[in-house]
1. Can you find, within the range 342-370, the residue that is modelled with the highest pLDDT among those that are of a type in the set (Val, Ile, Thr) and within 17 Å of residue 324 (Cα to Cα)?
2. Looking at 266, 248, which one is more than 30 Å from residue 124 (Cα to Cα) and surrounded by fewer than 17 Cβ atoms within 10 Å (Cβ to Cβ)?
3. So the check is Cβ under 6 Å with 6+ separation or different chains; which pairs have a first residue in the range 91-109 that's without any contact (Cβ under 8 Å) to a residue 24 or more places away in the chain and a second one that's surrounded by 12 or more Cβ atoms within 10 Å (Cβ to Cβ) and basic (Lys, Arg)?
4. Give the range 165-185 a look and list any residue that's without any contact (Cβ under 8 Å) to a residue 40 or more places away in the chain, among the small types (Gly, Ala, Ser) and surrounded by fewer than 18 Cβ atoms within 10 Å (Cβ to Cβ), or say none.
5. Could you run through the range 66-103 and say how many residues are assigned to a strand (DSSP E or B) and under 19 Å from residue 35 (Cβ atoms)?
6. Only residues in the range 227-240 that are under 16 Å from residue 251 (Cα atoms) count as the first member; pair them with residues that are not in a strand (DSSP E or B) and not β-branched (Val, Ile, Thr), Cβ under 6 angstrom, at least 6 apart or cross-chain, and list the lot.
7. Within the range 155-164, is there a residue that is in contact (Cβ under 8 Å) with a residue 24 or more places away in the chain, over 26 Å from residue 222 (Cβ atoms) and assigned to a loop (DSSP other than H, G, I, E, B)?
8. Between 75, 105, 58, 112, which is of a type in the set (Gly, Ala, Ser), within 29 Å of residue 170 (Cα to Cα) and surrounded by fewer than 17 Cβ atoms within 10 Å (Cβ to Cβ)?
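The values are calculated or read from the model by the stated rules, or taken from the named source; none is laboratory data. In this text the structure is predicted, and so the values were computed from the model without any measurement. Quick reminder, even Gly has a Cβ in these numbers, built from the backbone with ideal geometry, and neighbours come from all protein chains shown.
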Amino acid sequence: MEQILHLQWQGKYGLDNKKYGKWRVSWQSNVIKEVGGYYLNGLKQGLWKELYKNYQTSDAKVFEFGEYYNDLKRSKWNYIYKNKKIGGGLQNIEGLKKGKWTELSENFCYDSQVIYNGEYNKKGMKVGIWDIMYCVVEENQYKQIGGGLYHCSLGIKIGKWVELWDSFYLYSQACYKGHYNMKGMKVGRWDIMFCDNYEKEYQQIGGGSYDDSFGSKIGQWVELDEGFYADKQVTYDGKYNLNGIKVGNWITKYCKFHEKEYKQIGGGSYDSFQGFKIGRWIELDQGFYEGKQITYNGEYNINGIKVGRWDIMLCHKYGKEYQQIGGGQYDNYSGRKIGQWVELDEELQGWNYITYSGKYNMNGKKVGKWRKIDLRSNNNFGKYEI
């Protein structure tokens, strides 16, 4: 996202509308020294220094340095971070990686310094053992925390693996341990492990089984919330049917930072056939964390649509009880918001308790005057017309 907002390439086009000559990179209108290279007939040629895909000025100043020939990477390429080489390898004349490589994770940054060590065959496929290494902030030493085996000719994962989850970083050190079959599918038992930044050992906090034939989740599972991290240790405990669909009762649990016990704070039921949410549910706000413990309490009909009254509840960071701070009505047929509602400010944080009170018409559109209210002091900031 930062690159979309701030990155800009500067150079010239020829009469044929092809890039030529020296091209440079600017970030927020400031040229980054020694970054860029030369085009000839619209193709990259010679030595180039480029920004890594996750480059950010705040905590991911990573560069790639190497040679192009007719727009294909060739020969030696290196990754540079904090003015030091931290990875790289060789590319063949077809632009394919070959031999020993040290690669960076796609999300590589200051608090997620993850690299992969392994080998590519002549076809540019990963083969053999690949190790996953992680460097804790300010330690300057990489240690193995995962890895596994790639098939010798197919380039697919096989056998026992320890993988990092997609959002792995300093405060979200979660990984998955399990097996791949010879077709590259997850099978059997997979455990989910988590290591608090202040601890050294990984502890199992979830997991479940994959079907041995189709690789779909089956039976009882404990899964992590997509935004799982130290201040949002949320898990979901329930069952998958033989088709890999969530069914029956699912429980939402939460463990506060520096505590050991996961406690139920929500959940509900899924339809036994199509996996719709049905009946009474307590759901977590998408931005739920220790400083914003907000839930939505209400009902789904048999078609998985919100209906009737839904309440918005808040538990303060150091509190134990949830209090209602908003809510309203959903139409029993269309599932649209109707009538009087009290909604949250989308930017609501632990220090910001703003709600908006107003009305929806029968088409689910805001109408009339809406009030902005500070819950801490019950101050009315005034009304605005929709």
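1. Of everything passing the filter in the range 342-370, 342 is modelled with the highest pLDDT.
2. 248
3. Note: pairs meeting the criteria are 95/73.
4. 184
5. Number satisfying all stated conditions: 15.
6. 234/225
7. Yes, there is a match, as at least one residue in the range 155-164 is in contact (Cβ under 8 Å) with a residue 24 or more places away in the chain, over 26 Å from residue 222 (Cβ atoms) and assigned to a loop (DSSP other than H, G, I, E, B).
8. Sole residue among the options that is of a type in the set (Gly, Ala, Ser), within 29 Å of residue 170 (Cα to Cα) and surrounded by fewer than 17 Cβ atoms within 10 Å (Cβ to Cβ): 58.
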